[in-house]
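Participant: Encoded as structure tokens, here's the structure I'll be asking about.
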Amino acid sequence: MKILVLNAGSSSLKYQLFNMETSEVLAKGNCERIGAGGTVTHKRPNSDNYFEEIELADHGKALERVLYLLCSEEYGVISDIKEIDAVGHRVAHGGEQLKESSLITESVVKYLETIIPINPLHGPPAIAGIKACLALMPSLPQVAVFDTSFYSDIEDFRYVYPIPYEFYENDKVRRYGFHGTSHRYVSAELAKILGKPIEQLKIVTCHLGNGSSITAVDGGKAIDTSMGFTPQEGIAMGTRSGSIDPTVVTYLMKTKGYTPEQMEDILNKKSGLLGVSGISNDCRNIYEAAKNGDNRAELAMKILVNGIKKHIGSYVAEMNGLDALVFTAGIGENQWNIREAVCENMEYLGIEIDKERNKNFTRGIPFDITKEGAKVATWIIPTDEEYMIAIDTQRLASQN
Ligand code: ADP
């Protein structure tokens with residue numbers, strides 16, 4: 001079975017074509033600057049990357065170009081679109097109703113349109129990607145895989161915010177959680193690697209990238225997570241503040257006269273590691289600057305590490321135990337220094353890592369960094385959200 005996975009952003013369309021029999025990626029790439037020019041980077045294993053500048057007026061035109069490249073004689077990996085058996089879409093938000101990966105029907109698209117107000121950035125491009133596929137490949141099964149659905153079993157006392165209840169009931173203001181596909185993938189991978197049924201494991205998964213979230217996975221189900229109504233909540237991120245006293249927001253708006261849009265821009269794009277360090281949102285640059293004695297870079301690192309530690313600790317308390325800790329995504333998979341700092345002084349919780357293994361880890365594969373004899377297994381697991389989407393798509397398309 002061949003599955004095309006699509007991830008539509010506001011001006012981008014990422015794609016990967018999987019051969020599910022071999023779990024191989026046949027081709028992948030990214031269309032960027034959609035609606036404002038257009039570029040495509042197209043990659044195939046063991047071939048040079050192909051790059052082009054081409055007018056991409058909308059997501060439909062971008063998808064047309066992707067399908068052309070996938071089938072083209074020179075750059076293609078299939079000879080006809082008909083070889084694609086199903087399409088899987090990454091959809092950030094499934095709202096309260098779409099609790100599981102779903103075959104796309106008219107009513108699914110309609111519901112996604114109704115929740116655009118709570119998902120204004122990611123909703124419209126995801127819907128555009130879905131509609132483009134329905135127009136170009138109407139008879140193909142299409143599946144939506146939601147970042148939020150891993151959290152659909154979270155209990156109400158963990159997702160209802162302690163504000164007047166009507167804001168939950170009427171306005172759907174609640175914790176939704178994000179990055180669920182990544183947390184679901186790495187926790188399942190870890191259980192496989194440990195050779196234990198996931199139902200018996202208590203795991204904390206740390207997805208640390210430009211956007212970061214931490215999830216408590218108890219018995220294979222997410223029971224709590226750091227991101228909330230939006231991906232803004234939780235630990236400090238590349239440019240996002242994470243959780244802060246909400247009064248800071250109203251105070252700054254009142255005293256500086258910021259509009260809601262300006263305030264959102266500050267909290268989303270000018271805060272986090274960038275805001276504190278004044279140097280960069282990239283953890284590598286912050287680490288270098290901190291090593292060279294930059295105090296604010298050092299402070300930014302400490303805030304990041306402390307936020308991660310606090311979440312791990314609180315999730316151990318919520319789960320009443322911990323069997324395994326997982327690091328994933330850009331920082332989690334690559335920055336040994338952050339992993340070391342997070343795991344420092346955590347013996348009380350059973351977390352102890354082998355510092356040499358952690359520093360000399362092998363990139364791109366699951367890697368055990370547990371210290372011998374430690375109670376908690378600590379692993380680096382490279383995430384693969386696209387593959388997880390492909391697996392769900394295969395399952396649902398086969399039942400169709
Ligand atoms: P996004 O949330 O945008 O998907 P990523 O998962 O790519 O972000 O993570 C970006 C972060 O990961 C950056 O802070 C960067 O410093 C770090 N990172 C990514 N790749 C590497 C690498 N090879 N070595 C060290 N750090 C890396």
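The values are calculated or read from the model by the stated rules, or taken from the named source; none is laboratory data. Predicted, not measured: the structure shown is a model, and the values here were computed from it. Neighbour counts are summed over all protein chains in view; Cβ atoms, including those assigned to glycine, are modelled from backbone coordinates with ideal geometry.
Participant: For segment 34-135, which strands (runs of 3 or more DSSP E) that fit wholly inside it have 1 or more residues that are of a type in the set (A, V, I, L, M) and over 29 Å from Gln399 (Cβ atoms)?
Facilitator: Details: elements: 39-43, 50-53, 86-91.
The strands (runs of 3 or more DSSP E) meeting that bar are 39-43.
Here is a yes/no grid of residues against (1) closer than 30 Å to Val276 by Cα; (2) buried (at least 19 other Cβ atoms within 10 Å of the Cβ); (3) modelled with pLDDT of 95 or more; (4) not small (Gly, Ala, Ser):
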| residue | (1), (2), (3), (4) |
| --- | --- |
| Ala297 | yes, yes, yes, no |
| Val316 | yes, yes, yes, yes |
| Gly350 | no, no, yes, no |
| Thr370 | no, yes, yes, yes |
| Thr378 | yes, yes, yes, yes |
| Gln399 | no, no, no, yes |
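Participant: What single numbered condition from (1) of a type outside the set (Ser, Thr, Tyr); (2) touching a residue at least 12 places away in the same chain (Cβ under 8 Å); (3) away from the ligand (no atom under 16 Å from the Cβ) fails to hold for Val186?
Facilitator: Of (1) of a type outside the set (Ser, Thr, Tyr); (2) touching a residue at least 12 places away in the same chain (Cβ under 8 Å); (3) away from the ligand (no atom under 16 Å from the Cβ), only one is false for Val186: (3).
Participant: Next up: Return the residues of segment 359-391 that are in a helix (DSSP H, G or I), over 16 Å from the mean Cα position of the chain (by Cα) and over 22 Å from Ile338 (Cβ atoms); say none if nothing qualifies.
Facilitator: Taking segment 359-391 first, the residues in a helix (DSSP H, G or I) are 359, 385-391.
Remaining after also requiring over 16 Å from the mean Cα position of the chain (by Cα): 359, 391.
Residue satisfying the conditions is Ile391 alone.
Participant: Evaluate segment 241-251: report whether one residue or more is surrounded by 15 or more Cβ atoms within 10 Å (Cβ to Cβ) and within 16 Å of the ligand (Cβ to nearest atom).
Facilitator: yes
Participant: Within segment 143-152, can one find any residue that is within 16 Å of the ligand (Cβ to nearest atom) and among the hydroxyl-bearing types (Ser, Thr, Tyr)? Before you say what the answer is, go through the steps one by one.
Facilitator: Taking segment 143-152 as the starting set, the residues that turn out to be within 16 Å of the ligand (Cβ to nearest atom) are 147.
Okay, now just the ones that are also among the hydroxyl-bearing types (Ser, Thr, Tyr), so none.
No - not one qualifying residue is present in segment 143-152.
Participant: Return yes or no: is Ser212 within 17 Å of the chain's Cα centre (by Cα) and more than 23 Å from Lys99 (Cβ to Cβ)? Steps first, answer last, please.
Facilitator: On the way: within 17 Å of the chain's Cα centre (by Cα): yes; more than 23 Å from Lys99 (Cβ to Cβ): yes.
So Ser212 passes the test.
Participant: Among the residues of segment 252-289, write down those that are away from the ligand (no atom under 13 Å from the Cβ) and hydrophobic (A, V, I, L, M, F, W, C).
Facilitator: Answer for segment 252-289, where residues must be away from the ligand (no atom under 13 Å from the Cβ) and hydrophobic (A, V, I, L, M, F, W, C): Leu252, Met253, Met263, Ile266, Leu267, Val276.
Participant: For segment 315-324, enumerate the residues that are in a helix (DSSP H, G or I) and within 13 Å of Ser187 (Cβ to Cβ).
Facilitator: The initial filter retains those residues of segment 315-324 that are in a helix (DSSP H, G or I), namely 315-319.
Passing the criteria: Tyr315, Met319.
Participant: May I pose another question? Would it be correct to say that Lys192 is more than 14 Å from the ligand (Cβ to nearest atom), charged (D, E, K, R), in a loop (DSSP other than H, G, I, E, B) and over 23 Å from Ile118 (Cα atoms)?
Facilitator: Working: more than 14 Å from the ligand (Cβ to nearest atom): yes; charged (D, E, K, R): yes; in a loop (DSSP other than H, G, I, E, B): no; over 23 Å from Ile118 (Cα atoms): yes.
Spelling it out, it is not the case that Lys192 is more than 14 Å from the ligand (Cβ to nearest atom), charged (D, E, K, R), in a loop (DSSP other than H, G, I, E, B) and over 23 Å from Ile118 (Cα atoms).
Participant: Same structure again: Condition check: within 30 Å of Asp171 (Cβ to Cβ) and among the small types (Gly, Ala, Ser). Does Gly88 satisfy that?
Facilitator: On the way: within 30 Å of Asp171 (Cβ to Cβ): no; among the small types (Gly, Ala, Ser): yes.
No.
Participant: Regarding Phe327, is this residue assigned to a loop (DSSP other than H, G, I, E, B), under 22 Å from Cys283 (Cα atoms) and within 16 Å of the ligand (Cβ to nearest atom)? First the steps, then the outcome.
Facilitator: On the way: assigned to a loop (DSSP other than H, G, I, E, B): no; under 22 Å from Cys283 (Cα atoms): yes; within 16 Å of the ligand (Cβ to nearest atom): yes.
No; evaluated as a whole, the condition is false for this residue.
Participant: If you don't mind, another one. With the requirement that a residue be β-branched (Val, Ile, Thr) and either closer than 16 Å to Leu304 by Cα or part of a loop (DSSP other than H, G, I, E, B) (or both), what does segment 330-356 give you?
Facilitator: Here is the first cut: in segment 330-356, the residues β-branched (Val, Ile, Thr) are 331, 338, 342, 351, 353.
Result: Ile331, Ile338, Val342, Ile351.
Participant: A further question follows. Identify, from the list Ser102, Ser11, Ser79, Ser47, the residue that is farther than 22 Å from Gly180 by Cα, of a type in the set (Ser, Thr, Tyr) and surrounded by 16 or more Cβ atoms within 10 Å (Cβ to Cβ). If you could, list the steps in order and put the result at the bottom.
Facilitator: Numbers: Ser102 fails: farther than 22 Å from Gly180 by Cα; Ser79 fails: surrounded by 16 or more Cβ atoms within 10 Å (Cβ to Cβ); Ser47 fails: surrounded by 16 or more Cβ atoms within 10 Å (Cβ to Cβ).
Ser11 is the lone residue from the list that is farther than 22 Å from Gly180 by Cα, of a type in the set (Ser, Thr, Tyr) and surrounded by 16 or more Cβ atoms within 10 Å (Cβ to Cβ).
Participant: Also: Among the listed residues Ser187, Ser152, Ser139, Ser182, which satisfies the condition of being polar (S, T, N, Q), within 21 Å of the chain's Cα centre (by Cα) and surrounded by fewer than 21 Cβ atoms within 10 Å (Cβ to Cβ)? Let's see the steps before the verdict.
Facilitator: Values: Ser187 fails: surrounded by fewer than 21 Cβ atoms within 10 Å (Cβ to Cβ); Ser139 fails: within 21 Å of the chain's Cα centre (by Cα); Ser182 fails: surrounded by fewer than 21 Cβ atoms within 10 Å (Cβ to Cβ).
Every option except Ser152 fails the conditions.
Participant: Against the definition (surrounded by 22 or more Cβ atoms within 10 Å (Cβ to Cβ) and modelled with pLDDT of 95 or more), how does Arg363 come out, yes or no? Lay out the reasoning, then the answer.
Facilitator: Numbers: surrounded by 22 or more Cβ atoms within 10 Å (Cβ to Cβ): no; modelled with pLDDT of 95 or more: yes.
Against the criterion (surrounded by 22 or more Cβ atoms within 10 Å (Cβ to Cβ) and modelled with pLDDT of 95 or more), Arg363 does not qualify.
Participant: Further question: May I ask you to verify whether Phe167 is modelled with pLDDT of 95 or more, more than 20 Å from Asn7 (Cβ to Cβ) and not in a strand (DSSP E or B)?
Facilitator: Values: modelled with pLDDT of 95 or more: yes; more than 20 Å from Asn7 (Cβ to Cβ): yes; not in a strand (DSSP E or B): yes.
When the stated conditions are applied, Phe167 passes them.
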